[in-house]
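Reading through the C-alpha cells given below for one structure.
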Amino acid sequence: MSPGRVVDRPKGVPPRPPSPEETPRFCPSCGGSLSLRNLKRGEPARLVCQACGRVHYLDPKVAACVVPERGGRVLLLRRAINPGKGRWVMPGGFIDRGELPAEAARREAAEEVGLDVEVGPLIGVFGTRKSPIIIVYSTLRVDGEAAPLDETLGVRWFAPHEIPWDELAFDSTVAALVGLARQRGWPHPGGDR
Ligand SMILES: [Zn+2]
C-alpha cells in the first residue's frame, strides 16, 4: 500500500478519528514526524511517517478478565483507580505482548484480589467503540482468600441475585456478567426473571 493513495473500500464500520491523547507525534521507527493521511476511503485517517513512509496503526487494547466462582457466588472488586473508580468489575487487565489471554486472566486475579484461579471456558469477548476489547473467562477452580490488592478498594462475593448491575464499572462489564448469567440461568437485566 502506498501512502497517500485513496482507494475505494466497501462500506463498513464508521471510522473513528484518533483522539489527540492517543495519537503519537513521532515515528517509533525513525523519529520522524507523523501526520494523519487518508489512505483508504471509509477508513480512519492513518498516521504516516513523513520521513520513512511507515504507516502506524492505532490498534485497540485487549484485556483479559476472569469471573471467579465459588459456592454459587462470583467475586467482584471495587476499582481504586479511574476509569470506573469506586465501581465494581471482575479481575482483569491488559494482556502483555507475548502473554496468552488465559495466562493474563490468571495473573490479574492473583495481582488484584490474591486468588489462584484455574481458568475455565470462555464466557465471551466483549467490546464497545471506546473501551478495550475484553476476553472474559469463567473458572474451574478458585483457591485462596480474596483480598483487595493492586488497584482495588474492596472485594466481595456476590450471589447471583446480589450482582450490583447499576454499579458496574463499564458497559463491557455488564455485557460479560449478562453473558455469564445467561449461561448459568441466573436473573439478569433484560432477562425474564
Ligand atoms: Zn519513520
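The values are calculated or read from the model by the stated rules, or taken from the named source; none is laboratory data. It should be emphasised that the depicted structure is a prediction, and the values quoted were computed from it without experimental measurement. No Cβ is skipped: glycine too gets one built from the backbone with ideal geometry, and neighbour counts run over all protein chains shown.
Would you say ARG129 is modelled with pLDDT under 95, of a type outside the set (A, V, I, L, M, F, W, C), in the same structural domain as VAL178 (by TED's automatic domain parsing) and over 21 Å from GLY179 (Cβ atoms)?
Details: modelled with pLDDT under 95: yes; of a type outside the set (A, V, I, L, M, F, W, C): yes; in the same structural domain as VAL178 (by TED's automatic domain parsing): yes; over 21 Å from GLY179 (Cβ atoms): no.
Answer is no for this residue.
Applying the selection to the stretch 20-50, what residues are within 9 Å of the ligand (Cβ to nearest atom), assigned to a loop (DSSP other than H, G, I, E, B) and exposed (fewer than 14 other Cβ atoms within 10 Å of the Cβ)?
If the condition is that a residue be within 9 Å of the ligand (Cβ to nearest atom), assigned to a loop (DSSP other than H, G, I, E, B) and exposed (fewer than 14 other Cβ atoms within 10 Å of the Cβ), then PRO28, SER29, CYS30, GLY31, GLN50 are the ones that fit.
Confirm whether LEU115 is surrounded by fewer than 19 Cβ atoms within 10 Å (Cβ to Cβ), hydrophobic (A, V, I, L, M, F, W, C) and modelled with pLDDT of 95 or more.
Working: surrounded by fewer than 19 Cβ atoms within 10 Å (Cβ to Cβ): no; hydrophobic (A, V, I, L, M, F, W, C): yes; modelled with pLDDT of 95 or more: yes.
When the stated conditions are applied, LEU115 does not pass them.
Exactly one condition in (1) within 16 Å of the ligand (Cβ to nearest atom); (2) within 23 Å of GLN183 (Cβ to Cβ); (3) of a type outside the set (Lys, Arg) is false for CYS65; which is it?
So CYS65 meets the others, but not (1).
Which ones in the stretch 114-152 are in contact (Cβ under 8 Å) with a residue 60 or more places away in the chain, closer than 20 Å to ASN82 by Cβ and within 20 Å of the chain's Cα centre (by Cα)?
Taking the stretch 114-152 and keeping what is in contact (Cβ under 8 Å) with a residue 60 or more places away in the chain, we get 123, 127, 129, 132-139, 142, 146, 148, 151-152.
Right, trim to closer than 20 Å to ASN82 by Cβ and you get 127, 129, 132-134, 148, 151-152.
Answer for the stretch 114-152, where residues must be in contact (Cβ under 8 Å) with a residue 60 or more places away in the chain, closer than 20 Å to ASN82 by Cβ and within 20 Å of the chain's Cα centre (by Cα): GLY127, ARG129, PRO132, ILE133, ILE134, GLU151, THR152.
Looking at (1) loosely packed, with under 13 Cβ neighbours inside 10 Å; (2) on the phi < 0 side of the Ramachandran plot; (3) in contact (Cβ under 8 Å) with a residue 12 or more places away in the chain; (4) away from the ligand (no atom under 15 Å from the Cβ), can you tell me which one LEU77 breaks?
The failed condition is (1).
Identify all residues within the stretch 51-62 that are away from the ligand (no atom under 13 Å from the Cβ) and in a strand (DSSP E or B); write none if there are none.
First pass over the stretch 51-62, keeping only residues away from the ligand (no atom under 13 Å from the Cβ): 57-62.
Scanning the stretch 51-62 gives a single hit, VAL62.
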